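These notes concern the structure reproduced below.
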Amino acid sequence: MKYSISELSKTNRKRLGNEINIVLFRIIRFADLERFLGKGAESVFYYAGKDFGRTLEIYDIEELFNFIEKK
């Protein structure tokens, strides 16, 4: 199932807002994923991130900066 950035950007978090603390991403990144999710878990996260990045349709650094500034 594919989602657009505008769909993923919709939030209804009055108290927390639209952003999340970087700590959550560090926990996910540095956790021993294979220990918790089994062999190959890191590869699954890598390819999921890679596929998600492709859905952004950003093809050069200028488009990346424009995307970041809009968010």
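Values in this text are rule-based calculations from the coordinates and carry no lab data. No experiment lies behind these values; they were computed from the predicted model shown. Counting neighbours? That spans all protein chains shown, and the Cβs are built from the backbone with ideal geometry, glycine included.
Scanning segment 29-71 for residues that are surrounded by fewer than 11 Cβ atoms within 10 Å (Cβ to Cβ), closer than 22 Å to Lys2 by Cβ and hydrophobic (A, V, I, L, M, F, W, C) yields Ala48, Ile68. Residues that are touching a helix residue (DSSP H, G or I) at 6+ places or on another chain (Cβ under 6 Å), within 17 Å of Ser9 (Cα to Cα) and in a loop (DSSP other than H, G, I, E, B) are absent from segment 34-56 altogether.
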